[in-house]
Amino acid sequence: MRKLILAAFTLLALGGAAGAQNFPSRPITIIVPFSAGGPSDAMARILAERMKITLGETLLVENVTGAGGSVGVGRAVRSPPDGYTISFGHLGTHVANGAI
C-alpha cells in the first residue's frame, strides 16, 4: 500500500512540472472573404487593432475574395486547427453559402 501511495505522489510531482505553451506565440491571421476597403474589411481591421493591444501579438488581415465569400471561408476551414486563423464574415458567408 505504501508503494502505491509513493508512486501516486511521484506521478503527481512529475506531472505538475509540465509547462503550458504561451498563446499566441506567432502572428494570427484574420481572413476576410471580401475585397479590401469595404465595410467588412474596415471592421476586421478595427478588431485586429484592439486584439493586438490585448494579445500583444501581430494580427494579419488577409482579404480572400471570390464566389460570394465561399473562397475565403473555405480557406479558413482548411487552415490548421491551431487557433491562429480566424474567419471574419456574416450570415451570408457562413450560413447561406453553405446551405445553398
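The values are calculated or read from the model by the stated rules, or taken from the named source; none is laboratory data. Since this is a predicted model, take the numbers as computed values, not measurements. In this analysis, Cβ positions are derived from the backbone assuming ideal geometry, glycine residues included, and neighbour counts consider all displayed protein chains.
Residues in the stretch 39-58 that are of a type outside the set (Asp, Glu) and within 30 Å of Ala99 (Cα to Cα): Pro39, Ser40, Ala42, Met43, Ala44, Arg45, Ile46, Leu47, Ala48. Cβ-Cβ contacts under 6 Å between residues 6 or more apart (or on different chains), taken from a first residue in the stretch 25-51 that is farther than 15 Å from Gly89 by Cβ to a second residue that is assigned to a loop (DSSP other than H, G, I, E, B) and at pLDDT 95 or above, are absent. Yes or no: the stretch 68-80 includes at least one residue that is at pLDDT 90 or above and either in contact with a His (Cβ under 6 Å, 6 or more places away or on another chain) or in a strand (DSSP E or B) (or both). The answer is no, given that none of the residues of the stretch 68-80 is at pLDDT 90 or above and either in contact with a His (Cβ under 6 Å, 6 or more places away or on another chain) or in a strand (DSSP E or B) (or both). On the stretch given as the stretch 61-86, residues that are within 23 Å of Gln21 (Cβ to Cβ) and surrounded by 12 or more Cβ atoms within 10 Å (Cβ to Cβ) total 5.
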